[in-house]
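Q: Please find one structure pasted underneath; my questions will follow.
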Amino acid sequence: MTDAQPPLIATADAQLIELAQRWCAALGTSPEVARDVTAARRSWRGASAVIAGEDLADGLVGAGVTRRDHVVIVAREPATCWPVAVELGAAAVCGLFEEDRVLAALASALDGRDEACVVSVVGGSGGAGASTLVAALAVVAGRRGFRSLAFDGDPLGGGLELVLGAERAPGLRWHDFAMTRGRIDAGSLADVLPVHHGTATLSWARDERGPLPESLPAVVTAAVRGFDLVAVDAPRQLDPAGVELVGRSVLTVLLVPEEIAAVMAARTVLERLRRSAPAVGLVTVARRGGIGPGPVAEALDLPVLVRHRHDRRLRSAVDRGQGPAHSRALRRTAAAVLDALGMERP
């Protein structure tokens, strides 16, 4: 989510004003210009970012403005400006023509705030239903008013687009990011991804599956800035990309059927998860004649967030392209996980 207030250009230097306006335009925003200390002081606190010229920097300190984030000082002789930069809380002191440095400093202020909740789901055994739970988390979060992204991080999975019925929705897929280098704008990412019934997805095209691209960290960073919830279908094998994904998650959900064989398989997965996941929670999947949630929790030494009850109609609903939202049981499970994350209905 970006700040509502525009950035502030605080300088009387006509050349710097022209350059700064061009920098802001490159980031898709229109700045306010203050050519004296009095005008700059009025907008100092509310501006999303400040580009301050060396001509007004000392005056701003003398006027008693408070230190703040997202201040960039631009000077013809940057080395002389560091003392005043410290007083203003400036993140960078740049030369007049160091455009790349200024843009990088401004982008962190204008490209949203790190507010997204990232939750990964990992199947404790094959066929546990991780993809459908990820899809349900994204759908239910969207219905609660949150901007949600169903993030497909499992190259060997069946594909989140198929689960959601979104395979025909226009937008970019993973192969489109194969040649991406450097920073990705959060707003641009949200604009170019497929959206189906209000839920954004990032997955593979049906005939383009393969490893996650090297741009994965930049994509995740942009997703965190551009959405409120990023629900990740993480691979059970926890390759380096999987480790990256669960390491960025505030919670990793281990989905385990209430069967002895599934619990044994989940032990191995959990051992790997604990090396990189900040927090792991357990969702058990009820099975007719199964061992129940208690023995699963005891064997894995994990608290049960919720017990998911099987819905025999879910598979046919997904096969018909209707997505997971038609399952009341799955919606209930997703709602319980979101509640545990503090993403209750507003």
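Q: Out of the residues in the stretch 226-243 that are more than 15 Å from LEU160 (Cβ to Cβ) and touching a helix residue (DSSP H, G or I) at 6+ places or on another chain (Cβ under 6 Å), state the one that is surrounded by the most Cβ atoms within 10 Å (Cβ to Cβ).
A: Among them, the one singled out is GLY226.
Q: Moving to a separate point now. Looking only at helices (runs of 4 or more DSSP H) that fall completely inside the stretch 73-167, which ones have 1 or more residues that are among the aliphatic types (A, V, I, L, M) and outside the structural domain of ALA261 (by TED's automatic domain parsing)?
A: Filter on the stretch 73-167 gives 82-88, 99-110.
Q: Please verify whether the stretch 173-186 includes one or more residues that are buried (at least 23 other Cβ atoms within 10 Å of the Cβ), touching a residue at least 40 places away in the same chain (Cβ under 8 Å) and in the same structural domain as ALA286 (by TED's automatic domain parsing).
A: The answer is yes; a qualifying residue exists.
Q: For the stretch 266-280, which positions are small (Gly, Ala, Ser) and buried (at least 19 other Cβ atoms within 10 Å of the Cβ)?
A: ALA266, ALA277
Q: Then there is this: On the given criteria, is VAL65 part of a loop (DSSP other than H, G, I, E, B), at pLDDT 90 or above and of a type outside the set (Lys, Arg)?
A: yes
Q: Would you be able to say whether some residue in the stretch 266-273 is charged (D, E, K, R), modelled with pLDDT under 90 and either assigned by TED's automatic domain parsing to the domain that holds PRO194 or not in a helix (DSSP H, G or I) (or both)?
A: Looking for residues that are charged (D, E, K, R), modelled with pLDDT under 90 and either assigned by TED's automatic domain parsing to the domain that holds PRO194 or not in a helix (DSSP H, G or I) (or both), one finds none in the stretch 266-273, hence no.
Q: Listed residues ARG35, ARG42, ARG22; which is within 19 Å of ALA92 (Cα to Cα) and among the basic types (Lys, Arg)?
A: Result: ARG22 is the single residue among ARG35, ARG42, ARG22 that is within 19 Å of ALA92 (Cα to Cα) and among the basic types (Lys, Arg).
Q: I want to confirm something. Restricting to the stretch 1-59 and keeping residues that are more than 27 Å from the chain's Cα centre (by Cα), in a loop (DSSP other than H, G, I, E, B) and acidic (Asp, Glu), which single residue is surrounded by the most Cβ atoms within 10 Å (Cβ to Cβ)?
A: ASP13
Q: Out of all the residues in the stretch 243-257, is one or more part of a strand (DSSP E or B), in contact (Cβ under 8 Å) with a residue 12 or more places away in the chain, polar (S, T, N, Q) and in contact with an Asp or Glu (Cβ under 8 Å, 6 or more places away or on another chain)?
A: Looking through the stretch 243-257, none of the residues is part of a strand (DSSP E or B), in contact (Cβ under 8 Å) with a residue 12 or more places away in the chain, polar (S, T, N, Q) and in contact with an Asp or Glu (Cβ under 8 Å, 6 or more places away or on another chain).
Q: Any idea which of (1) in a helix (DSSP H, G or I); (2) touching a Lys or Arg at 6+ places or on another chain (Cβ under 8 Å) is the one ASP311 doesn't satisfy?
A: Tallying (1) in a helix (DSSP H, G or I); (2) touching a Lys or Arg at 6+ places or on another chain (Cβ under 8 Å), ASP311 fails exactly one: (1).
Q: Next up: What are the residues in the stretch 189-213 that are under 28 Å from LEU106 (Cα atoms), surrounded by fewer than 17 Cβ atoms within 10 Å (Cβ to Cβ) and either touching a Phe, Trp or Tyr at 6+ places or on another chain (Cβ under 8 Å) or in contact (Cβ under 8 Å) with a residue 24 or more places away in the chain (or both), if any?
A: PRO213
The values are calculated or read from the model by the stated rules, or taken from the named source; none is laboratory data. These numbers were taken from a predicted model, which means no experiment stands behind them. When we count neighbours, we look across all protein chains shown, and the Cβ atoms used for this are built from the backbone with ideal geometry, even at glycine.
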